[in-house]
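All remarks here apply to the structure that follows.
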Amino acid sequence: MIILQLVEDELKSPKRRLSKKIKEPVLKYSRFGIVVNNKPHFIISVTKDTLEQDEFQQLLNKYKGLVVAPVELEKCDLVNSVLFDVNPYLKKAIFENLRLNLMNEKLQNSALLIRDINFTLKDEIPALLPYIKNIVVSTSDDSKSKYWIENCFLEYGVRPSVVVDENIDFLNFDIVADFEKLRDNTLEVKIFDEVRTIYPNVRFSRVPDELKVLENFNINNFVICSAFS
């Protein structure tokens with residue numbers, strides 16, 4: 001992982017040979033290695049001016065999906081496209097609280113639609129089958145769903161349905177959980193005529209001791225837990 005840090009304009013640029021005829025913008029950043037949870041990572045400290053330069057952006061793009069940043073940079077357009085994708089982990093954290101909500105109510109005969117395009121929740125969804133028999137999962141590709149459905153039947157005696165994500169009529173379901181519409185780390189779920197806001201389960205944001213050092217870099221706890229565990 002690349003741990004990005006924004007610093008004041010006080011860094012020396014890495015030495016490089018430049019032609020006397022060519023003037024290039026000075027890149028001001030530093031990098032050093034760090035071992036977290038027995039795995040090597042790099043910390044790149046960079047000034048705002050350098051972060052905005054095309055040459056540094058090209059360097060950063062080489063590590064797309066492997067960059068984590070402090071909270072103040074998470075919504076910055078300059079780094080947004082290269083950040084580690086926390087959504088799969090966030091989906092699981094929210095699903096855990098949704099499961100706890102639904103298992104405590106009499107919903108066994110209800111129809112539940114879970115929209116999960118990449119089928120991120122395939123290992124979590126079966127836990128709802130003892131409480132809701134009619135579950136439909138909407139994904140982008142159902143070609144590998146047959147094995148999953150049969151495993152659900154073997155373990156719970158129920159076969160959920162998997163459909164390709166097109167022409168789904170949400171009105172046909174009592175409960176709709178659209179995990180493609182996460183907003184501000186929450187999910188709005190329709191349960192009959194009620195809309196509930198489901199938050200991530202707090203245990204997913206508890207930073208274990210071996211990752212505590214990362215809290216010094218002002219990184220979101222969910223990012224720490226998902227990217228480094």
Please state which one of LYS190, LYS146 is basic (Lys, Arg), more than 30 Å from GLU74 (Cβ to Cβ) and outside any loop (DSSP other than H, G, I, E, B).
-> LYS146
What residue, among those in region 67-86 that are exposed (fewer than 15 other Cβ atoms within 10 Å of the Cβ) and in contact (Cβ under 8 Å) with a residue 60 or more places away in the chain, is nearest to LEU128 (Cα to Cα)?
-> VAL71
Can you tell me how many residues in region 8-37 are at pLDDT below 90, under 18 Å from GLN57 (Cβ atoms) and either in a strand (DSSP E or B) or among the aliphatic types (A, V, I, L, M) (or both)?
-> 4
Is there a residue being among the charged types (D, E, K, R), in a strand (DSSP E or B) and either touching a residue at least 60 places away in the same chain (Cβ under 8 Å) or not assigned by TED's automatic domain parsing to the domain that holds VAL67 (or both) anywhere in region 163-178?
-> yes
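Out of ASN172, ASN167, I need the residue that is at positive phi, at pLDDT below 95 and surrounded by fewer than 17 Cβ atoms within 10 Å (Cβ to Cβ). Which one?
ASN167
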Top-ranked residue of region 172-229 - restricted to ones that are within 13 Å of the chain's Cα centre (by Cα) and acidic (Asp, Glu), ranked as farthest from VAL136 (Cα to Cα) | ASP184
(1) assigned to a loop (DSSP other than H, G, I, E, B); (2) closer than 27 Å to GLU105 by Cβ all hold for ILE219 apart from (2)
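The values are calculated or read from the model by the stated rules, or taken from the named source; none is laboratory data. Here the structure is a predicted model, which is why all the values come from computation and not from measurement. With ideal geometry, Cβ positions are generated from the backbone for all residues, glycine too; neighbour counts draw on all protein chains shown.
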